[in-house]
1. Identify all residues within the stretch 46-71 that are surrounded by 15 or more Cβ atoms within 10 Å (Cβ to Cβ) and in a strand (DSSP E or B); write none if there are none.
2. If you go through the stretch 423-454 one residue at a time, how many are surrounded by fewer than 23 Cβ atoms within 10 Å (Cβ to Cβ), assigned to a loop (DSSP other than H, G, I, E, B) and under 12 Å from the mean Cα position of the chain (by Cα)?
3. Looking at 700, 694, 777, can you tell me which residue is under 19 Å from residue 513 (Cβ atoms) and either modelled with pLDDT of 90 or more or assigned to a loop (DSSP other than H, G, I, E, B) (or both)?
4. Listed residues 82, 42, 74; which is part of a strand (DSSP E or B) and either in contact with a helix residue (DSSP H, G or I) (Cβ under 9 Å, 6 or more places away or on another chain) or under 25 Å from residue 141 (Cβ atoms) (or both)?
5. Specify the residue that is surrounded by the fewest Cβ atoms within 10 Å (Cβ to Cβ); the eligible residues are those in the stretch 572-597 that are over 54 Å from the mean Cα position of the chain (by Cα) and in a helix (DSSP H, G or I).
6. Every residue in the stretch 706-741 that is at positive phi and outside any loop (DSSP other than H, G, I, E, B), please.
7. Condition (residue is under 23 Å from residue 429 (Cα atoms), in contact (Cβ under 8 Å) with a residue 60 or more places away in the chain and assigned to a loop (DSSP other than H, G, I, E, B)) applied to the stretch 331-343: is it met by at least one residue?
8. Just need a number here: residues in the stretch 455-467 that are assigned to a loop (DSSP other than H, G, I, E, B) and touching a residue at least 12 places away in the same chain (Cβ under 8 Å).
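The values are calculated or read from the model by the stated rules, or taken from the named source; none is laboratory data. Bear in mind the structure is a predicted one, so any value in this text is a computation, not a measurement. Quick reminder, even Gly has a Cβ in these numbers, built from the backbone with ideal geometry, and neighbours come from all protein chains shown.
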């Protein structure tokens, strides 16, 4: 049931009383009536409706009737599409109506309010112009008796159902409920409800043509029940939809509020962020696969609710995509002479490393698309491995990034976490490239030998893909979920030891050995780099302090023992601090620092030079050793005592070094006659071998020939040649094997004023790689077996006061 056509003005809903109904019934019907056709509605007796007249004939009819008795005949059209209906286009049965009011509308149409009186039937059409006029005959209704209980029940049901429909329908005004409650006439109630139901013109005309009022009431009730069921179903659906819509509207409202607040605070709204990302993406130089993946992930973010936790993860993920330098490269500078100057300016010495960098630049200049090498700078602390990376980056004109791998034990630090985890981040490789802003920086992997493994994975295994030129063109980061090209990155790893690097990882790198500096190199480094740096850091200038080469050499020899220059820099810093304090306290001091000033500032000389010890006693031989801080000389002492042939070894020696002593002893026993030794003395005397400085752990095979020489000297009581040192490994067959750390050992020999050095023949190639300047004053003897060693090392001269054996 719909009362949409009822005006809310109470004047348009007059309540017909039984007395009004009787008065209408007593009114005599005119014989001739002007007929007003209605297109889309049906007028019922007693009902007031507004109609709009737009046709010229209808307007003329209304005006003339309004000026006379105000009585017209109203019928409905059979076909509403007919513009100018004739007698055959209208229904025969209609309702006599009284014009209550005529209103002129601003659009030129005429609105007329009419009230139905009683039904009539058209007998004969008199005229068609200017409007239809016809003779009519009244059609009375067949009303049931007042005491008919069934009819009363039907009327009560119509009234109750009408009230329910009005209550449940949001489109019916509340005045309708008031009208229904106050209708006393049964026929008017039926007509009022029938007029306002959602029925077609044909259905309403059929109700109007039903003469039996009881039958019309039943048909009306039937239509009302159908309408009520539809209304209930519609309201049920509407309530479900409304609850869903209200939640969506609430979220939309909150989002709009949040957007407004963000804009007021100077932030960017959700839509603004996505649009900004789209704009940034247009400038990226990524491949089609990356672009497709990014657009897919951006669409996923667009569908997300900004309040969920995944939204921020997705935003960080897309930000990383936009920040990474996809196919963005800095232009390499191929001025090789300039690169050489930069390397020489920043680092004194290190010729092998500089040569390798210049070679790389030369090849890159010729090809322009060469895969970058994986270099590993291997050497003791403080020799400039890490700082060399900065100089290489400057000489190439590339960005410089560095990560420290010392103590790293989580594989995710290299490969990243999966972005589904809380707090997920990309690996440090991808993070560093984002920071660099280019895809071809110089990337220093510091302390690669100090990687550790744990239950969180093995980072060194994760680095296998990073440091393989054949694989790193498509490096997979767990957070990024896409391959990233690392083939143009120049990786430079640094390491203090090769023993702790995984063999597969070591195989992927080009090892460049950075040995310790000589005294001359340290003095030059101190003069060119360390002293100016410390003077600047302490707020001084060159006019406040002058350190000459003799003083720098004294600091190097007397206060440091290392391969690098870190300790030297600390000692120079002490001298500079002394000068700074003197200036601040206005104390007198020597601008030109002397040797005595060095002792005053740094204290007594802490380190004595390794000096060659006298060989007046049999069994004392000088060996050469490699330590983590550079080369050193090693003294081997042996002595005989009465006993049963036991061999004792002391001096905090490792397993390998003890085995070398045992091998030397057994070799001498097996070849005693060749050495001129009486075999019986092995059963009469105990042999004790000692290596001084027992507080320092010592191990390795390189003291093998030194121990054997010491024992032969002891048993034969012949002295060892002066100013001689040696290093090499021995076998039970008396063969001499090569050892490592030759450069460091040579430098230690020079510091100790050694003149002659015995080495394995296979170590000749190591000597050839050392600068000739470092070899001045040294004579080398290259040997293959122990007989050669003894020939060069032991003289025929007996020691003073030889022991009788």
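1. 48, 49, 50, 51, 53, 71
2. 3
3. Among 700, 694, 777, only 700 is under 19 Å from residue 513 (Cβ atoms) and either modelled with pLDDT of 90 or more or assigned to a loop (DSSP other than H, G, I, E, B) (or both).
4. Values: 82 fails: part of a strand (DSSP E or B); 42 fails: part of a strand (DSSP E or B).
Within the list 82, 42, 74, the selection yields 74.
5. That would be 596.
6. 728
7. Checked the stretch 331-343: at least one residue is under 23 Å from residue 429 (Cα atoms), in contact (Cβ under 8 Å) with a residue 60 or more places away in the chain and assigned to a loop (DSSP other than H, G, I, E, B).
8. Looking only at that region, the number is 3.
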